[in-house]
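Quick notes on the structure that follows.
The values are calculated or read from the model by the stated rules, or taken from the named source; none is laboratory data. This structure is a prediction, so every number in the text was calculated from the model and none was measured. Cβ placement follows ideal geometry from the backbone for every residue including glycine, while neighbour counts extend to all protein chains displayed.
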Amino acid sequence: MTTEIQHTENGESGIFTAWQNDVQVGEMTYKRSGSKGVWNSRGEVVSTGNSERETCCADNNAIGVEGASKRFATEQMVINHTQVFDGFEGQGIARQMVMAALDFARKNNRQIIPVCSYAKAVLTRTDEYQDVL
């Protein structure tokens, strides 16, 4: 079955939705950012890195200081959620949404910060995607 991926961006957030025969079968959400920060598992900035104390004392859910997700790009996409709805799993739909985000990021000179575990697994395990991380 053919899956169509649609993208909508609204201010500081965006969503990629997956559709089959006019039925939404999945979604992947992200937040936009233009500044350096430390991100927690929900895609929220917990530290802007404005001071060493702030960075070291960031929320306990933040990625550790050595592996902290800090970026200096002009625009970033923090992918915080990927979901394929019940009954549509196992068709590669989540991967198609991640690939759509990857294409969008490359075309728009953005970096991706994948805090969603699925997006992170797809993007960090493949060398050819490192240009957007």
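Looking only at the range 111-133, filter to residues that are among the charged types (D, E, K, R) and assigned to a helix (DSSP H, G or I); which one of those is nearest to K31 (Cα to Cα)? That would be K120. Among the residues in the range 33-47, are any part of a strand (DSSP E or B), under 14 Å from the mean Cα position of the chain (by Cα) and modelled with pLDDT of 95 or more? Checked the range 33-47: no residue is part of a strand (DSSP E or B), under 14 Å from the mean Cα position of the chain (by Cα) and modelled with pLDDT of 95 or more. Looking across the range 74-92, the residues that are under 26 Å from M1 (Cα atoms) and surrounded by fewer than 24 Cβ atoms within 10 Å (Cβ to Cβ) come down to H81, Q83, V84, F85, D86, G87, F88, E89, G90, Q91, G92.
If you go through the range 1-16 and keep only what is free of Cβ contacts under 8 Å to residues at least 60 places away in the same chain and either surrounded by 15 or more Cβ atoms within 10 Å (Cβ to Cβ) or not small (G, A, S) (or both), you end up with T2, E4, Q6, T8, E9, N10, E12, S13, I15. Considered as a group, the residues in the range 100-110 that are free of Cβ contacts under 8 Å to residues at least 40 places away in the same chain and part of a helix (DSSP H, G or I) include one that is surrounded by the fewest Cβ atoms within 10 Å (Cβ to Cβ), and that residue is K107.
Applying the set (1) in contact with an Asp or Glu (Cβ under 9 Å, 6 or more places away or on another chain); (2) over 19 Å from K120 (Cβ atoms); (3) modelled with pLDDT of 55 or more to T74 leaves exactly one unmet item: (1).
Scanning the range 77-95 for residues that are under 16 Å from T124 (Cα atoms) and either part of a helix (DSSP H, G or I) or free of Cβ contacts under 8 Å to residues at least 24 places away in the same chain (or both) gives A94, R95.
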